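**Q** Questions regarding the structure given below will be posed in turn.
The values are calculated or read from the model by the stated rules, or taken from the named source; none is laboratory data. Treat the numbers as computed from the prediction; the structure is a model and nothing was measured. Positions of Cβ are generated from backbone atoms using ideal geometry, with glycine treated the same way; all protein chains shown enter the neighbour counts. Quick note on the areas: whole protein, heavy atoms, side chains included, nothing else; ligands and nucleic acids left out. Shrake-Rupley method; radii C 1.70, N 1.55, O 1.52, S 1.80 Å.
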Amino acid sequence: MTIADILTFVGIAVSIIFGFFVTHICSIRDTRTRVLKDYYIEQVKGIKGRVGDFFHKVAFGKGSFRKVVSWYDHLAIDVKGTDQGVRKSLDLQIAEFMDILDQYYGEITNWEDFNNQYSASRYIPSTEHKSRLLQMKYEIDEFLNDYVHHINQSNNYPIWKVQYRRIKQSYYYYKGKGYKCAFCRSIWERTEKHFWECIIVLAIIGITIFLISKVSIEKKDDLYTPLNNISNKQDSIYREIHLFNNNYKPVEIQSKTFNNSSFFSADRVDSVQIKLYQGQPKQ
């Protein structure tokens, strides 16, 4: 088997592996990622509606101190769960929503009129704070719109990182259950799902290495020597002709003419003249 045969085999093997990777891994991964994105986008839209409705009620005097505190405590649970879930599944590059919400909540609880109405059944904000609450609602809406955009544009984590996390989770699960060889069980749980794919890839790699080790390299003919001999002969002929031209001049010693007859036959030729020359040394 020659190198060309090996390269052909390797090309076919790489095409098969690449095609399998695209159709069975990339497509499934993209589908799962799209499902996750759609789920979390719906969660964020729900939170956005709750936040907008709340700020609108507080701004127009339909809330109270206790309701604001209670609302924040309940919303914080949903916001943390959603944000942490997104960041575990997707490589999200944006500030955490909880940090933004904490800033606005801290600003509201520091208002003097808000704290003075602690015991009131309704909180009536001042004109300045009413405008600020509506501005907060607008700013949070803008942030959540950007948040949804980042979710939609984000990518899943690299496959090695995803597998590491799953192995780690499985390890702690089996360890908590008291299983022996928890690490081996967690590794096998990930590899058994792609067992045959791994076997095929390893088999192709092994066959390729074996064929490369057995390849017979065709010995090319040594062209340098004959070409060099031809070059030397041409040089010697050139030198002899050049030497002859320098030392001798041609002198005609005999001439003969042949007519177009039975001796030779050529179209549009009447006769042929042949002249014989001999070299004579130059004076």
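**Q** What is the calculated FRET efficiency for M98 to T127, with r their C-beta to C-beta distance and R₀ = 41 Å, to the nearest 0.05? The partial results should precede the final answer.
**A** Working: r = 30 Å, r/R0 = 0.72.
For M98 and T127, the calculated efficiency is 0.85.
**Q** Give me a comma-separated list of calculated 3J(HN,Hα) values for the range 112-118, in order, Karplus coefficients 6.51, -1.76, 1.60 applied at θ = phi - 60°, integers in Hz, x for any Gly or Pro.
**A** Calculated HN-Hα couplings, in order: 5, 5, 5, 6, 5, 9, 4 Hz.
**Q** Using heavy-atom solvent-accessible surface (probe 1.4 Å) with all chains present, what is the largest-first order of T33, T127, T8? The partial results should precede the final answer.
**A** On the way: T33 15, T127 115, T8 85 Å².
Largest accessible area first, the list is T127, T8, T33.
**Q** Give me the distance in nm between label points sitting 7 Å out from Cα along the Cα-to-Cβ direction at N246 and I199, one decimal.
**A** Each label point is offset 7 Å from its Cα along the Cβ direction, giving 8.2 nm.
**Q** Still on this structure: Using mean Cβ contacts within 10 Å as the protection proxy, how do 66-72, 54-60 order, highest first?
**A** Values: 66-72: 15.4, 54-60: 18.6.
In decreasing order of mean packing, 66-72, 54-60 become 54-60, 66-72.
**Q** For H150 and E189 in one chain, what is 0.36 nm times their gap in residues minus the Cα-Cα distance, to one decimal in nm?
**A** Working: separation 39, 0.36 × 39 = 14.04 nm, distance 3.23 nm.
The span from H150 to E189 would gain 10.8 nm if fully extended.
**Q** Using amide H atoms built in the peptide plane, which far-off residues or other-chain residues are under 5 Å from G63 H to H?
**A** Counting only residues 5 or more places away or on other chains, the set is Y123.
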